[in-house]
Amino acid sequence: MSNIKAITKKQAAADAKAQGLTQFTAVCTKHGEGPHQSSSARCVACNADNHQQWRATPKGREAHNAYSRQWSTSEVAQHHQGEKRGAADWRKATGGTMHGWYVVERDALRQLYSERPEGFAIDHAIPKKAYGRIDGKRQRV
Ligand SMILES: [Zn+2]
């Protein structure tokens, strides 16, 4: 890679970062034109390849497993498990049939997520109803 190209890519990364973008499009010598990280100016596909290779090594596999074990006991992971069980219960109770305003809700959610500040997660944008009646029985919804 020539020095001029590296400066250009770094400058593009800095510009993207200044605009609040996490990624920008640049040309990778291996993958061609594609997304690059604003934080490091690195090719997203190259990062993924490198990570995949590292994970295949014994050291990488052990590090990944250690991370997974730690993650699975975290509060966030426990919360996700609860959400997953709730979703499974809902599918079981309703047969997975989406309600009539699902399309409207989906668009509103996409809008909400697209406007989410970087580094923030949307958990419950509006307070959710924790219990409701399914088949006449009070159940978690
Ligand atoms: Zn690449």
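The values are calculated or read from the model by the stated rules, or taken from the named source; none is laboratory data. Predicted, not measured: the structure shown is a model, and the values here were computed from it. Here Cβ is always computed from backbone atoms with ideal geometry, including for glycine, and neighbour counts include all displayed protein chains.
Points to keep in mind about this one:
- Out of 45, 41, 26, one residue alone is within 16 Å of the ligand (Cβ to nearest atom) and part of a loop (DSSP other than H, G, I, E, B). It is 41.
- Here the condition is being free of Cβ contacts under 8 Å to residues at least 12 places away in the same chain and surrounded by 11 or more Cβ atoms within 10 Å (Cβ to Cβ); of 87, 66, it holds for 87 alone.
- Residue match in region 5-13 (condition: surrounded by 13 or more Cβ atoms within 10 Å (Cβ to Cβ) and within 27 Å of residue 116 (Cβ to Cβ)): yes
Results for (1) at pLDDT 95 or above; (2) charged (D, E, K, R); (3) part of a helix (DSSP H, G or I); (4) within 21 Å of the chain's Cα centre (by Cα), shown as yes or no for each residue.
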position: 20; (1), (2), (3), (4): no, no, no, yes
position: 30; (1), (2), (3), (4): yes, yes, no, no
position: 62; (1), (2), (3), (4): yes, yes, yes, no
position: 69; (1), (2), (3), (4): no, yes, yes, yes
position: 82; (1), (2), (3), (4): no, no, yes, yes
position: 87; (1), (2), (3), (4): no, no, yes, yes
position: 93; (1), (2), (3), (4): no, no, yes, no
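- Candidates 100, 95 - the one that is on the phi > 0 side of the Ramachandran plot and loosely packed, with under 10 Cβ neighbours inside 10 Å: 95
- Within region 112-138, the set of residues being surrounded by 10 or more Cβ atoms within 10 Å (Cβ to Cβ) and under 20 Å from the mean Cα position of the chain (by Cα) comprises 112, 113, 116, 122, 125.
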